[in-house]
Amino acid sequence: MAKSATEALQFAQIQQTSSVIVVVAQTIQLLAQMPTLMSQMVFFKDQKPIVVLVKDKGLSDIKEILENSFLGMGCTYFIWDIEQCHMTIATQLMHYLGTYRGPHRVYLFCHEAASCIAMWKGPSIYLPHEMSVSYFNKFCLSWFVAHGLHKQIAPLVIKEGSIALYEVALLLPYAPLLGKTLLVPFREQYVPRIIRAENKSLFNLLDAWWQKKGSLFYALWRTMHNLYSEQFWIVFWSDQLFRGYMYAYCMRQKSELIAQKIAARKLPFLYTKTGWRIQSLAAVQKIHGMFYALDYTSKTGGSGLMLEWIYAAWFNDCV
C-alpha cells in the first residue's frame, strides 16, 4: 500500500501502466469527497468517468461491462460502493479485478479500514487526510487538480502549515466563481459555513441522534443550532427520519439494494451497519409525524420551542 508522499506522487506513472488502481482514502470524510476531487483530475478532462455501483449492477453485470467495448474504445470506470457489499461479493470482485487487463481502466475507491484492502496485491494510491503545504503543491502540480484551481483554494484551508484534502474538495466547486475581489469575503463569510469544525459536523450530530446519546447530542446542538434556520432543521430531520425508517424497513425485508439507494450517503455509517437493527420503526414514525406538525406550526406563527420538545421525547423514549 502506497502511504508515503513520495509513492503517492508516482500516481501519474501508475495510472499509465495499470488497468485497475485502488484509491485508498485515509478518512471517511475524504472518501465521501472523492467524486468531487477526482472530477478535477487532469487525466479525466477529456473523458468523463462512468460510475458503477456493485449494488445496482451485480457482479456478473459488472464483468460484462468491463469485458466489452465499442469499437475497441476504452472507458474509465469508478467503483465506489465495494465497502457496502457482502464480504463474499467484495472478495470475488477483488479477485476478478486482480486479473483484469482491459480494455477499460478501473478505479476502485475505499477507506483504509476496509477489509477488502488486504486482498489487493495490485497498484494502489493512498490519499492522506492532511498534507504539508509543500507536498500539496507538488501533489496537485504533478497530476491532480486541473486548471490551477488549487492555487485559489489552498490559501483558504491552510492550518498550521498543513492542508486537509477533503476541505479542498469541499471548496473546489466554488473556485471557478472566485476572483481576487471575492476571495476575502468568501474566506470570512462562507468558508466557515462550508467547512465545519470536527465537533460541529452534522454527521456527528446524526450519530448521536441515532445512538440516543443525549449528552453528546445536546453538547453538539448548543454549538450548531444557530448555524441554520429553524426551517432547515425541520427539513433536515424530516428527511433523516424518513430515510432512517425506510432503510431499516427495507433491510428487514431483505431488500438491500433499495435500502442502499435510500441511504445514499445521507445516513451515518454506524446506522447503516448496525444501528438500524435496534430502531423502533413505530417510534421513528411518530417522531417524523411530530416534525410534520412542527412544519405546519412554524408556517402559521407557532413557537419554535416544539423542536426542543421533540428532542426530549426522542431521548427520553416518550414516543
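Using a Förster distance of 30 Å, how high is the FRET efficiency between residue 119 and residue 261, based on the Cβ-Cβ distance and rounded to 0.05? Don't jump to the answer; show the numbers that get you there.
Details: r = 26 Å, r/R0 = 0.88.
E between residue 119 and residue 261, to the nearest 0.05, is 0.70.
Give the value in nm², to one decimal: projected area of the alpha carbon convex hull of region 229-282, averaged over all directions. Each step should come with its number before you reach the end.
On the way: hull surface 15.6 nm².
Seen from a random direction, the Cα hull of region 229-282 projects 3.9 nm² on average.
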Net charge (Lys, Arg +1; Asp, Glu -1) of residues whose beta-carbon lies under 12 Å from that of residue 55, residue 55 excluded, is -3
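Going by how many other Cβ atoms sit within 10 Å of their own, how do 89, 234 line up, fewest first?
So the residues, fewest neighbours to most, are 89, 234.
Using a Förster radius of 22 Å, what is the FRET efficiency between residue 212 and residue 232 based on their Cβ-Cβ separation? Nearest 0.05, please.
Numbers: r = 23 Å, r/R0 = 1.03.
Working from the Cβ atoms, E equals 0.45.
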If 70, 186 are placed from fewest to most neighbouring beta carbons inside 10 Å, the sequence is 70, 186
Karplus ³J(HN,Hα) for region 249-254 (6.51 cos²θ - 1.76 cosθ + 1.60, θ = phi - 60°; Hz, whole; x = Gly/Pro) runs 4, 5, 5, 6, 8, 6
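When 1/r is averaged over all different Cα pairs and the result inverted, which Kirkwood radius in Å belongs to region 202-315?
Working: mean 1/r = 0.0685 Å⁻¹.
Roughly 14.6 Å, rounded to one decimal.
Let's test the formula: R0 of 22 Å, r as the Cβ-Cβ distance of residue 180 and residue 133. What FRET efficiency results, to the nearest 0.05? Before the final figure, lay out each step's value.
Working: r = 20 Å, r/R0 = 0.93.
FRET efficiency, residue 180 to residue 133: 0.60.
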XL table 213/273; 212/286; 55/273; 212/273; 159/213; Cα-Cα > 19 Å flagged, in table order, is 159/213
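Read-outs: derived from the displayed coordinates by stated rules, not from any lab. Since we're looking at a predicted model, the values are computed, not measured. Note that each Cβ is placed from the backbone with ideal geometry, even for glycine, and that neighbours are counted across all protein chains shown.
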